[in-house]
Amino acid sequence: MTQTSHALVIDGLTIDRPNGQPLLRHTSFAIDPAEVVLLVGPSGSGKSTIVKLLGGLLENGPGEWRVSGRLHCGGQPMDLATERSPVGGIVFQDHALFNDLSAVENLRIAADHAAHPPDA
């Protein structure tokens, strides 16, 4: 996967849990500028782990999570096995969601309350 015109590219992402069990294998994806992405899946499928990885919050090393793959962001390539990602992120969990609303409706509420840059 190439980084051409994408804001963020993950290539060959592999993540093993601290106990050695595989979580993701050779996963690749690209996010275009201004694209909104939802990570949806069952509990334990890696959603929060990917966001923590992108935010530089996932402990990687002996006795911790094992990560390999490449990140390209802002034209800067990174080796995820040895470098922490500075991309950032947020994870909404059960206590921060409205149970009677869909995922999209919950995200709309968050977007409506987010700080918006001043008009130029």
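The values are calculated or read from the model by the stated rules, or taken from the named source; none is laboratory data. In this text, all values refer to a predicted model and were calculated from it rather than measured experimentally. Note: ideal-geometry Cβ built from the backbone for every residue, glycine included; neighbour counts use all protein chains shown.
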inquiry  = If residue 27 satisfies all but one of (1) more than 28 Å from residue 102 (Cα to Cα); (2) out of contact with any Phe, Trp or Tyr (no Cβ under 7 Å at 6 or more places or on another chain); (3) surrounded by 15 or more Cβ atoms within 10 Å (Cβ to Cβ), what's the number of the condition it fails?
reply    = (1)
note = Residues of the stretch 53-75 being surrounded by 17 or more Cβ atoms within 10 Å (Cβ to Cβ) and not in a strand (DSSP E or B), in sequence order, are 53, 54, 58
request  = Scan the stretch 37-49 for residues that are without any contact (Cβ under 8 Å) to a residue 40 or more places away in the chain and either of a type outside the set (S, T, N, Q) or touching a helix residue (DSSP H, G or I) at 6+ places or on another chain (Cβ under 9 Å) (or both) and jot them down.
outcome  = 37, 39, 41, 42, 44, 46
query = Are any residues in the stretch 22-67 under 22 Å from residue 108 (Cα atoms) and more than 13 Å from the chain's Cα centre (by Cα), and if so, which ones?
reply = 32, 33, 34, 35, 41, 42
ask   = Quick check: is even one residue across the stretch 82-89 more than 19 Å from residue 39 (Cα to Cα), out of contact with any helix residue (DSSP H, G or I) (no Cβ under 6 Å at 6 or more places or on another chain), modelled with pLDDT of 85 or more and surrounded by 11 or more Cβ atoms within 10 Å (Cβ to Cβ)?
value = yes
